[in-house]
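Student: Here's a structure for you.
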Amino acid sequence: MFDVQHEELNWCGRKLTLETGRVARQADGAVLATWGETTVLATVVAAKEPKAGQDFFPLTVHYQEKAFAAGRIPGGYLKREGRMSDRETLTSRLIDRPVRPLFPEDFRCDTQVIATVFSYDLENDSDILAMVAASAALTLSGVPFMGPIGGARVGLIKGEIKVNPTVEEMKDSTLDLVVAGTADAVLMVESEAQELSEDTMLKAVMAGHAAFQPVLQAIIRLAEKAAKEPRELGTKDSSAVEKAVLEAGEADLRAAYSLTQKQERYAAVDAAKAKVFSALAPEGAEAKFPLAEVAKAFHDAQAKVVRWNILDHKRRIDGRDLTTVRPILAEVGVLPRTHGSALFTRGETQAMVVATLGTGEDEQYVDSLDGTYKERFLLHYNFPPYSVGETGRMGAPGRREIGHGKLAWRAIRPMLPTAAEFPYTIRVVSEITESNGSSSMATVCGSSLALMDAGVPLKRPIAGIAMGLILEGSRFAVLSDILGDEDHLGDMDFKVAGTSEGVTSLQMDIKIAGITEEIMRQALAQAREGRMHILGEMSKAITGARAELGEFAPRIETMKIPTDKIREVIGTGGKVIREIVEKTGAKINIEDDGTVKIASSDGAKIKAAVNWIKSIASEPEVGQIYDGTVVKTVEFGAFVNFFGSKDGLVHISQLAKTRVNKTTDVVKEGDRVKVKVLGHDDRGKVKLSMRVVDQQTGADLEKAPAAEPAATAE
């Protein structure tokens, strides 16, 4: 019934199996990949013909995690998987980015890759396995995919580079780097690092590239046994239309790309395009070439003009040389009511970044295959259409927004203080108000500034820069701080973020078949120079965290109580803690280890809550005076509630300096009093004396005699 083919190899100490022919047989390509006990099914389906008039390659990649893979039931009301999580979105992008450049330019058929996690062993991460499975499925499918690709995760554990460490081992790693590529070159890098050197980062990339070579060979062996016949891809000779477009528009394009202002340049390019279309494909008249071919040739001509200028004259679109960073203006404290704010402008790219401080109640719960955990640092990136002078749909963040936000999150997180050092939930929002190249790196710079403005004690400021590449044969040029057009028409988007001490995040996407170690080394060195320059410009606005939090930021005080007192502080059904919050006005968060965080913008409210919690959770100290309330009067004295849950009896002889016939002559139920702890009796019970205080002012009304009290407290 099944024609099953499979390949096995030992990869980084665990068995990797690639199987096809048993599951999802109606897909163009399907591979069930198992690594350890983690299993991912990757499928590929491509339409037989492109849609009429389609001028782009419609590739979609969907990575999805099923809760049953880890023996879990999804959280939430519906108890089923819903919209894609951020991790699923980011992993989908992780797979998409290295496979997209390996399709022919003329391939236009709708293609869909779906990777589904069926089993997860909590040891072997599913994202790398999904990338390998997707690569194998594409290689078997018959679509014109110039792969296969491989992928690997690289960690740095105790100073040693380790490829594909387990999930548990990654907890001790100072590097989390994912690299993907072909047998000859690197195509994609995504990473987070603890201020590592450029040399270390490069070694990690190359170690990962070397490690997935056996996987590529296994995919090729599987393809030799089970691959479908490759599709025929007809190629057209477009030299005639390309020549005609250059003759009609090259001069105008060169003039347009000599304009340094973005909107002026775009207007000139549009005018050149209209002139070319009028000459070669006029509306309402006989066209010399089909409109779609003219449009593609014009786009290619744009790329050629820009690339020729850079390679031949070392001159870029806005007149800069290859290494110069655009003018920078960094400002902080630009918004009056926020906890921290910054406006970071670099050329025609601008980010308004706001930092907000919250309490434990504001932490985000994340439901994943590894279980549910709380995240105290959030970074959200928004890219409204007005930032590029256009109209567009407004709605939920797309994959690009989530990806750019995560890149900035990775860059900033290594420099944040620990929860013990700074017990706040931190949210950063970056609103891109202008964009012409590398708004994600503007977000990194703006986030660093806004956090310092909010008083968050970063270990060091962080800056980021985007590098580009123009590669023609053996000639290449690495560009610092690329423009949007250079990103669009170039061959690489290489983003490096870090501090003065090292790299904290690195992301690379290649639009060609890959780049060499030599190019990467030069890009990293050039990026460091640019990063140091940007840090210098940022320091003109602020050099470190403000000594005091902003006026409107909450203050948080942390205290520790014995774990066996947590129940008393919370009370039955939360009665006690609700009363504390209601009467003091402070926010209170209690963790399982007894850590209590009390937050308010009013210091008096924090103090009141701290004293109340101490009165419940601490033992009374000899010689200390505590506030109390008379809860019951009897003939022989008064029962006083003090120190939260403790009740003590004060004998009638201790109520006043002179003899008292009736307890109610001095105090009655509900009266406020002060009690002093004098010591303990033979049974270990607390001895008390008492003073009566005024109900409104708290001033003493009666002085208790100096004699030892006759009663004890329970």
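The values are calculated or read from the model by the stated rules, or taken from the named source; none is laboratory data. Being a predicted model, the structure only gives us computed values, none of them experimental. When we count neighbours, we look across all protein chains shown, and the Cβ atoms used for this are built from the backbone with ideal geometry, even at glycine. Protein only, heavy atoms only, side chains kept; ligands, DNA and RNA dropped before computing areas. Shrake-Rupley method; radii C 1.70, N 1.55, O 1.52, S 1.80 Å.
Student: Can you tell me which condition LEU156 does not meet? The list is (1) assigned to a strand (DSSP E or B); (2) on the phi > 0 side of the Ramachandran plot, and all the others hold.
Tutor: (2)
Student: If I ask for residues that are surrounded by 16 or more Cβ atoms within 10 Å (Cβ to Cβ) and either in a helix (DSSP H, G or I) or over 16 Å from the mean Cα position of the chain (by Cα) (or both), which ones from segment 418-436 would you list?
Tutor: ALA419, PHE422, PRO423, TYR424, ILE432, THR433, GLU434, SER435, ASN436
Student: Pairs needed: first member in segment 394-411, open to solvent by 30 Å² or more (accessible area, probe 1.4 Å); second member anywhere, of a type outside the set (Phe, Trp, Tyr); C-beta distance under 6 Å; at least 6 residues apart or different chains.
Tutor: Taking only residues 6 or more apart or on different chains, the pairs are ARG399/THR89; ARG399/ARG93; ILE402/ASP86; ILE402/THR89; LYS406/LEU90; ARG410/GLU192; ARG410/SER505.
Student: Ok, one more. Would you confirm whether or not segment 306-319 contains a residue that is touching a Phe, Trp or Tyr at 6+ places or on another chain (Cβ under 8 Å), closer than 23 Å to VAL388 by Cα and assigned to a loop (DSSP other than H, G, I, E, B)?
Tutor: For segment 306-319, residues touching a Phe, Trp or Tyr at 6+ places or on another chain (Cβ under 8 Å), closer than 23 Å to VAL388 by Cα and assigned to a loop (DSSP other than H, G, I, E, B): present.
Student: From the list SER615, SER645, which one is among the polar types (S, T, N, Q), open to solvent by less than 40 Å² (accessible area, probe 1.4 Å), over 22 Å from LEU357 (Cα atoms) and at pLDDT below 85?
Tutor: SER615
Student: Moving on to the next point. Consider segment 351-377. How many of its residues are among the aromatic types (Phe, Trp, Tyr) and open to solvent by 70 Å² or more (accessible area, probe 1.4 Å)?
Tutor: Of the residues in segment 351-377, 2 are among the aromatic types (Phe, Trp, Tyr) and open to solvent by 70 Å² or more (accessible area, probe 1.4 Å).
Student: Determine which single condition SER239 fails, assuming it passes every other condition in (1) open to solvent by 70 Å² or more (accessible area, probe 1.4 Å); (2) farther than 30 Å from ASP321 by Cα; (3) not hydrophobic (A, V, I, L, M, F, W, C).
Tutor: (1)
Student: May I pose another question? So which helices (runs of 4 or more DSSP H) stay within segment 483-601 end to end and still have 2 or more residues that are over 27 Å from the mean Cα position of the chain (by Cα) and surrounded by fewer than 21 Cβ atoms within 10 Å (Cβ to Cβ)?
Tutor: 517-538, 566-570, 575-584
Student: Ok, one more. Every residue in segment 51-91 that is more than 19 Å from the chain's Cα centre (by Cα), touching a residue at least 60 places away in the same chain (Cβ under 8 Å), open to solvent by less than 60 Å² (accessible area, probe 1.4 Å) and more than 17 Å from THR372 (Cα to Cα), please.
Tutor: VAL61
Student: Further question on the same structure: Could you check segment 468-477 and list, in sequence order, the residues that are crowded, with 24+ Cβ neighbours inside 10 Å and touching a residue at least 40 places away in the same chain (Cβ under 8 Å)?
Tutor: We begin by selecting, within segment 468-477, every residue crowded, with 24+ Cβ neighbours inside 10 Å; these are 468-469.
Of everything in segment 468-477, just one residue is crowded, with 24+ Cβ neighbours inside 10 Å and touching a residue at least 40 places away in the same chain (Cβ under 8 Å), namely LEU469.
This table checks each residue for (1) open to solvent by 30 Å² or more (accessible area, probe 1.4 Å); (2) without any contact (Cβ under 8 Å) to a residue 60 or more places away in the chain.
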position	(1), (2)
MET146	yes, no
GLY159	yes, yes
PRO165	no, yes
MET170	yes, yes
SER173	no, yes
LEU177	no, no
ALA183	yes, yes
LEU187	no, no
GLU192	no, no
